[in-house]
Amino acid sequence: MSGPTADVSVRLAWAADAEAIAATQVRAWQVAYADVLPAEVLAQLPEAAFSERWRLSIDRPREARQRVLVALDRARVRGFAATAPATDADADPATDAELAEFVVDPDAVHAGHGSRLLHAAVDTMRADRFARATIWVTATDDPVRSFLAAQGWAADGAHRELDLYGDGSVTVKQIRLHTDLTEAPGDQGS
């Protein structure tokens, strides 16, 4: 006799998921950027505006290969990912995808949601016939970089600095990671 299994899954997001996606984004940003942004800025993140942007992105994507996926625990959103053709200057949008967002609720890390979500995002980008995927990560976010590296993603030498206020007072350094989507699913990292 086997024990009960968890009711967890990943699926394409529905417009009705927009509020939960935005709430997850706000919680995750408040943790991820606690050492970067002032507390008052993090306390005032515009959850309603985020929700409306996610709703539009899900209902009316700008491009046919733009997708939003959600990781679920029962019916509760525990993470989300957004995939789209890459927009970097050195990218070929016909063959290069970007994992534009990859967020797991801080209260749900280490529960397998990130792994399921990442694998589903990679499968989605493969199904959309992309050959390579990239993601920008904060240079100091060692846990996320280590997680992605263990899944076959590696730095490709590109880096950038985001100027959050446009005056140089708050900047975030990011590095770009990439993975080959043409490898068979079991071949990554070997």
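The values are calculated or read from the model by the stated rules, or taken from the named source; none is laboratory data. Predicted, not measured: the structure shown is a model, and the values here were computed from it. Positions of Cβ are generated from backbone atoms using ideal geometry, with glycine treated the same way; all protein chains shown enter the neighbour counts.
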Item to complete: Mind telling me which of the residues 90, 73 ends up being touching a residue at least 24 places away in the same chain (Cβ under 8 Å), more than 16 Å from the chain's Cα centre (by Cα) and exposed (fewer than 13 other Cβ atoms within 10 Å of the Cβ)?
Response: 90
Discussion item. If I ask for residues that are out of contact with any strand residue (DSSP E or B) (no Cβ under 7 Å at 6 or more places or on another chain), part of a loop (DSSP other than H, G, I, E, B) and either closer than 17 Å to residue 84 by Cα or among the polar types (S, T, N, Q) (or both), which ones from segment 5-61 would you list?
Written reply: 5, 14, 44, 60, 61
Item to complete: Have a look at 158, 111, 133 and point out the one that is in contact with an Asp or Glu (Cβ under 9 Å, 6 or more places away or on another chain), of a type in the set (A, V, I, L, M, F, W, C), within 29 Å of residue 75 (Cα to Cα) and at pLDDT 95 or above.
Response: 133
Worksheet item: Considering only segment 33-68, how many residues are within 27 Å of residue 128 (Cβ to Cβ) and touching a residue at least 40 places away in the same chain (Cβ under 8 Å)?
Response: 7
Response to the item:
When every residue in segment 82-108 that is modelled with pLDDT of 95 or more and small (Gly, Ala, Ser) is compared, the one nearest to residue 63 (Cα to Cα) is 84
Item to complete: Tell me, please, whether a residue that is among the acidic types (Asp, Glu) and over 23 Å from residue 26 (Cα atoms) can be found in segment 147-159.
Response: yes
Response to the item:
Exactly one of 121, 84 is surrounded by 14 or more Cβ atoms within 10 Å (Cβ to Cβ) and in a strand (DSSP E or B), and that residue is 84
Practice prompt. Considering only residues that are part of a loop (DSSP other than H, G, I, E, B) and at pLDDT 95 or above, look in segment 62-81 and name the one that is farthest from residue 16 (Cα to Cα).
Written response: 65
